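Reviewing the structure listed below.
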Amino acid sequence: MEFNQFLDLAKIRESCREYDPEREVEIEKLEACLESMKLSPSACNAQPYFYYVVQGEDAKNISKYFQVGTMNSFVKDVNAFAIVTEENYNLSAKIGSSIKNQDYKSIDIGISAAYFTAEATSLGLSTCIIGWFDEEKLQKFLKTKSRIRLVIAIGYAKDDKLREKKRKTSDAIYKIVSEDK
């Protein structure tokens with residue numbers, strides 16, 4: 001593997017807000033995204049999350065749970081969603097989280113979503129991570145009491161044209177620290 005392949009992937013991954021409602025997402029591609037997510041690192045390998053994948057008519061039916069006024073109105077055209085719940089730590093991650101006063105679950109869920117969405121991009125799919133939704137209605141639909149942390153919209157973009165990425169300057173978000181500098 002060449003080292004620039006991931007950077008190239010990162011450059012084309014974006015939050016899609018215009019999906020092609022006619023193109024269904026192939027189950028094989030969803031399974032590949034889930035397999036990649038499963039390989040993501042987590043504190044003490046606890047993997048404190050569970051992914052529910054909803055597609056087809058069920059996805060269309062629950063899309064209303066992600067819309068608040070005009071916020072997320074694009075979801076009506078999405079053919080698949082991955083709904084991520086927060087689950088329990090294993091004992092070592094629980095102890096480490098308590099001792100270090102760190103929320104490893106949120107970090108681990110974020111990393112798993114990054115792996116999922118990166119794999120989706122590599123397969124020609126588009127995604128958007130959604131944090132605004134009706135949690136109670138989704139819990140009822142999924143028959144779970146687990147906390148829903150995020151939802152990933154998955155589908156094919158209506159238009160393959162990439163938007164210009166707006167990012168902070170390098171100086172604003174990182175610094176390389178070494179004895180030489």
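The table below gives the values:
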read-out: Sequence-separation-based contact order of segment 25-151, relative, with Cα cut under 8 Å and 6+ spacing, percent; value: 35 percent
read-out: Only Lys, Arg (+1) and Asp, Glu (-1) charged, at Cβ; segment 25-70 dipole about Cα centre in debye; value: 220 debye
read-out: Over segment 49-181 - Rg/Rh using Cα atoms and the Kirkwood inverse-distance radius; value: 1.05
read-out: Estimated dipole of segment 78-181 in Debye, rounded to 20 [Cβ of Lys and Arg +1, of Asp and Glu -1, Cα centre]; value: 220 debye
read-out: Check: the chain dipole with +1 on Lys, Arg Cβ and -1 on Asp, Glu Cβ, in debye; value: 700 debye
read-out: Charge dipole of segment 122-178 about the Cα centre (unit charges at C-beta), most positive-ward option of C128, A153, L138; value: L138
read-out: Cα principal axis extents for segment 42-98, largest first, Å; value: 42, 23, 13
read-out: Kirkwood hydrodynamic radius (C-alpha pairs) into Stokes-Einstein, segment 8-48, 10 °C and 1.306 mPa s, D in µm²/s; value: 122 µm²/s
read-out: Over segment 1-81: Rg over Rh, Cα atoms, Kirkwood Rh; value: 1.03
read-out: Percent of beta bridges antiparallel (DSSP, the chain, rounded to nearest 5); value: 95 percent
read-out: Above-threshold pairs, the threshold being 20 Å between Cα atoms, out of K137/K158; K38/K105; K38/K158; value: K137/K158; K38/K158
read-out: Solvent-accessible area, 1.4 Å probe, carbon plus sulfur percent, for the chain; value: 52 percent
read-out: Heavy-atom accessible area per residue - segment 68-132, 1.4 Å, Å²; value: 47 Å²
read-out: Rough spin-label spacing in nm, given labels placed 7 Å along Cα→Cβ, for F50 and K165; value: 3.4 nm
read-out: Leading residue at positive end of dipole, the chain (Cβ point charges), from N4, S170, A118; value: S170
read-out: Highest-MSF residue in the chain out of N101, N61, N88 [GNM, Cα springs under 10 Å]; value: N101
read-out: Largest-first principal axis extents, alpha carbons of segment 81-125, Å; value: 42, 16, 13
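The values are calculated or read from the model by the stated rules, or taken from the named source; none is laboratory data. These numbers come from a predicted model, not from an experiment. FYI the Cβ positions are ideal-geometry reconstructions off the backbone, even for glycines, and counts take in every protein chain you see. The accessibility values were calculated without ligands, DNA or RNA, using every heavy atom of the protein model including side chains. Shrake-Rupley method; radii C 1.70, N 1.55, O 1.52, S 1.80 Å.
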